[in-house]
Amino acid sequence: MNFWNPTYFYLTWLGIYWVFNFIIAWKVIEEKKYNTLYVWFNSQKYWQNYYKGGKVYALIGDWTPKIYFAIGHFIYYLIDHVLAMAAFEYYYVDSFFCCYFMFVACWNGANYYMDYFASRYEAKLAALEALSGKDLTMEERQAAAWDTSS
């Protein structure tokens, strides 16, 4: 399996991304305060403390955070690329990833529906209590929860 062809493609994409976002459209991004991944990265206090005041910042100046961002993006790509190649080559790695992502999808879906239906349930109870002007009994609460007319 070839490791370098996707990496060349990625480096080409990163160069185009760099030129467009940091040279061509940079003033517009700053003026309109667009929320980009670089803006988020640069707003983190850890990174600001890391690269400001260092020897690299003294050499490069204001381009330092952009260079750190590109290096971090490339490292993220390399990790993902190696994991994708491992999943392609090895059955058990691929099976593990499939099981893991199915678990995460089910977990997120279950949490979403629990939050969604719990908020609907609480809203119905609040509306019923407001209409009746009294606290509802447990039987009335259960009947309201199973009412599908609204």
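Just to confirm my filter: which helices (runs of 4 or more DSSP H) fall fully inside region 1-120 and include at least 2 residues that are under 19 Å from the mean Cα position of the chain (by Cα) and modelled with pLDDT of 95 or more?
By residue number, 64-89.
Hey, could you check region 1-23 for residues that are surrounded by 11 or more Cβ atoms within 10 Å (Cβ to Cβ) and of a type in the set (A, V, I, L, M) and say which is farthest from residue 84 (Cα to Cα)?
Here the residue is 19.
The values are calculated or read from the model by the stated rules, or taken from the named source; none is laboratory data. Remember, predicted model here, so these are calculated numbers, not experimental data. Ideal geometry is used to build each Cβ from the backbone, glycine not excepted, and the neighbour counts take in all protein chains shown.
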